[in-house]
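Engineer: Structure below; questions to follow.
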């Protein structure tokens, strides 16, 4: 109706100004509505993703803190089989580490996005501080909890990896020791006979000793 009135009354500027004011107000309200909708969506995604990451970290911490007797559990396997099993575990551990660190990074990104839309919405309020301060505190509290859990799980992860690494070193040492014993069993008579045949003061004895080094 106002548009029709403007076209029929070009001399009058009143209706034109009113239409422009209404259009501007409508656009402003629409933008504020869209910002509020983005804020609500960002808030839902932030809390949902934070809860999921928190549950995942709790599960991983319990898993990594569980005391496991690797020697007792794997005593029925050969050394080669044990090395393969533990190598697979280390690979899985590494994949798990990348997964939970990536999940924590995504949660932080959701936190930043939530905060961004909170700031944008606060700019439209008469008292932005009263609205923004408690919201920022909630975001900070959740982010701090997730960060503490992330650090705890990372420490537990390193502890579990250290145990597996040390047992792999033990298996490697054991295999080398077994090879030495086998060699001694196969060559001890020959070794002793050669040693007895040499005079300790003879140059050949020192050559023999140097050859063993």
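Readers should treat all values here as calculations from the given coordinates under stated rules, not as data from a laboratory. All figures in this text were calculated on a predicted structure; none of them were measured in a lab. Note that each Cβ is placed from the backbone with ideal geometry, even for glycine, and that neighbours are counted across all protein chains shown.
Engineer: Can you give the FRET efficiency for residue 148 and residue 176, using 1/(1 + (r/R0)^6), R0 = 45 Å, r = Cβ-Cβ distance, to the nearest 0.05?
Structural biologist: 0.60
Engineer: Full-extension gain between residue 126 and residue 30, please, as 0.36 nm times their residue separation minus the C-alpha to C-alpha distance.
Structural biologist: Length gained, residue 126 through residue 30: 32.7 nm.
Engineer: With a point put 7 Å past each Cα toward its Cβ, work out how far residue 95 is from residue 52 in nm, to one decimal.
Structural biologist: Once both label points are built, they end up 1.9 nm from each other.
Engineer: So between residue 138 and residue 102, what do we pick up on full extension, going 0.36 nm a residue minus the alpha carbon distance?
Structural biologist: Result for the pair: 10.7 nm of gain on full extension.
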